[in-house]
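Novice: Shown below is the structure under consideration.
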């Protein structure tokens, strides 16, 4: 049962107005501009609700206030995040990248503010360095928020974190991943002691390039968003004789009236080198119809004239591709006679060196 009800009535009530915000403390004077009643919430604190509200309306209204509070913007903004990294030239020390991360943020509150940096996989090698008005202390790290700090002082703050990030091996490729906080500007520069390398799956970054010299390569990415995910393949100074690729095939075969139609999807993962031309070796009796690619473009499709390759089609790509891409082929052939066995598995192989 609800107790301790206080009622104030005033004329010229506007029912279209939203309920006023909850006061910071129980009222000492019951003057108001709307018809309201004061009801105790679960903590026994008096809160204002419209006079014509039901108990369920009150509970829903209180829930909405909580949700509105949860949607308030966090009291800080990260302006820039810069990552400088390098891999050691010693093979035994190349399981980790050494990173220096500089964070610039604006704190909008004079009170202690929790700043969540994520970066769950970063292993600290030195204490966090703080510059700016006020102070900063390490808070905690957990699986959800990663690294977080308490920062006090309204205005500009700078944080510097130094640590190690694991570099994982995936066949011949290397990969490093790091979750990041949202920031207006973000950039990575990673130095690798290899005179030549390739990047894979970096289309999500608006700028991804590699600067090389005789001893090292520098990878640059901008607009890292909220996750750094970088894969690369280190090459020797000599040209790779033959590219290496893993190909996964999926086939569908449809029979319609007087012909059989086959669609083949080939998921290609280039693990070494790159591909600029491919040859598809058709099973005997099939006619080539079309091919599509999900990355780049195909500039030429040429039936090979070699008598030993009468069913082969060569496709030339707009640019050499590495990493992952997908080809979709379609073929047709007349409906076979009863009892005839047909082959339905085409073969794909590189047509040229890198």
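Coordinate-derived values only; no laboratory data. Computed from a predicted model, the values in this text were never measured in an experiment. Because the Cβ atoms are built from the backbone with ideal geometry, glycine has one as well, and the counts that use them run over all protein chains shown.
Novice: When all C-alpha to C-alpha distances in the range 77-158 are sorted into bins of 5 Å, what percent of pairs does each bin hold, rounded to whole numbers?
Specialist: With 5 Å bins starting at 0, P(r) equals 3, 13, 22, 23, 17, 10, 6, 3, 2, 0.
Novice: For residue 326 and residue 207, calculate 0.36 nm times their separation in residues minus their Cα-Cα distance, and state this gained length in nm to one decimal.
Specialist: 40.5 nm
Novice: A further question follows. Compute the FRET efficiency between residue 187 and residue 152 as 1/(1 + (r/R0)^6), taking r as their Cβ-Cβ distance and R0 = 35 Å, and round to the nearest 0.05.
Specialist: After rounding to 0.05, the efficiency reads 0.80.
Novice: Hey, for a label at residue 124 modelled as a point 7 Å past Cα toward Cβ, could you say which residues of the range 160-180 have their backbone N under 16 Å away?
Specialist: Those under the cut-off are 160-165.
Novice: Spin-label point model (7 Å from Cα, Cβ direction): what's the residue 114 to residue 256 distance in nm?
Specialist: 5.9 nm
Novice: Give me the extension gain from residue 197 to residue 100: residue separation times 0.36 nm, minus the current Cα-Cα distance, reported in nm with one decimal.
Specialist: Computed gain between residue 197 and residue 100 is 32.7 nm.
Novice: What are the radius of gyration and Dmax of the range 84-232, computed over its Cα atoms and given in Å?
Specialist: For the range 84-232, the Cα-based Rg and Dmax read 16.5, 52 Å.
Novice: Let me ask something else about it. Percent relative contact order of the range 153-258, based on C-alpha pairs within less than 8 angstrom and at least six residues apart?
Specialist: Over the range 153-258, the number comes to 29 percent.
Novice: What is the extension gain from residue 140 to residue 169, computed as 0.36 nm multiplied by their sequence separation minus the C-alpha to C-alpha distance, in nm to one decimal?
Specialist: That pair, residue 140 and residue 169, stretches by 7.5 nm at full extension.
Novice: Ranked highest first by the average count of other Cβ atoms within 10 Å around their residues, in what order do 245-258, 277-290 fall?
Specialist: Those peptides, ordered most packed to least, come out 277-290, 245-258.
Novice: Given R₀ = 51 Å, what would the calculated FRET efficiency be for residue 162 paired with residue 316, taking r from the Cβ atoms and rounding to 0.05?
Specialist: The computed FRET efficiency comes out at 0.60.
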